[in-house]
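Accompanying notes for the structure given below.
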Amino acid sequence: VRAQLPATELWVVGTVGQLVPKDIADGPLGIRVLGKIDDLAEIGGRQSIGLAPTTTASGVSIKVVEYMSLGMPALVLPGALTGYDHLLDDYVIKTEPDAAFCSALIRLLKDEELRKRTAARAFEDVPNLLSNHELRRWLANDQTTKICTADRAEERTTKHPPIEGTDHRHELQA
């Protein structure tokens, strides 16, 4: 990437930065280890690109959504989307490892309009995709719940009131 865009920097945020050898961090390769940051909005936005180069399921998956919530386009390997069942595929730049990942990153870095378009679409649509509408609908209906304790099992019908707006407080009525 730096061969084509020498001013590009990789900012490593979070405890993962501890894995970057000291002789590489903040050296001539353009890698800056920032460590933990209280407010990612300070470094996020459409001028940044969120990277999720993981091939296996991990905590990185939630980071992809966090990038989107910060208005950042996200460049990911398929493993970073594990758990979302293709729900986010249209909102990220998804590629394969190594050369394809680097090529996609270079394209994103060079194409400001692509960065803006990708980030804006994800910022607008993803919160609705990941809301708890199904859970809210389920909670609004009568549910038969099996309550198990060490000495007995009982069946109880409960009514969960609908959750409206952003107030998530509700009482269980038996």
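Some points to look at:
- Total formal charge among the other residues, if their Cβ is under 14 angstrom from that of Leu81, Lys/Arg +1 and Asp/Glu -1: -3
- For the range 39-119, the dipole from Cβ point charges (+1 on Lys and Arg, -1 on Asp and Glu) about the Cα centre works out to 180 debye, to the nearest 20.
- Under the criterion of Cα pairs below 8 Å and six or more residues apart, the relative contact order for the range 1-57 equals 32 percent.
- Ile43 paired with Lys110, simple spin-label distance in nm, labels 7 Å along Cα-to-beta-carbon: 2.6 nm
- Lysine pairs meeting the criterion (Cα under 18 Å, 8 or more apart or interchain), as found in the range 1-120: 5
- Arg2 exposes around 90 Å² of accessible area when a 1.4 Å probe is run over every protein chain in place.
- Sorting the segments 20-31, 84-95 by their residues' average number of neighbouring beta-carbon atoms within 10 angstrom, most packed first, yields 84-95, 20-31.
The values are calculated or read from the model by the stated rules, or taken from the named source; none is laboratory data. Not measured: the values here are computed from a predicted model. With ideal geometry, Cβ positions are generated from the backbone for all residues, glycine too; neighbour counts draw on all protein chains shown. Only protein heavy atoms, including side chains, enter the accessible area calculation; ligands, DNA and RNA are left aside. Shrake-Rupley method; radii C 1.70, N 1.55, O 1.52, S 1.80 Å.
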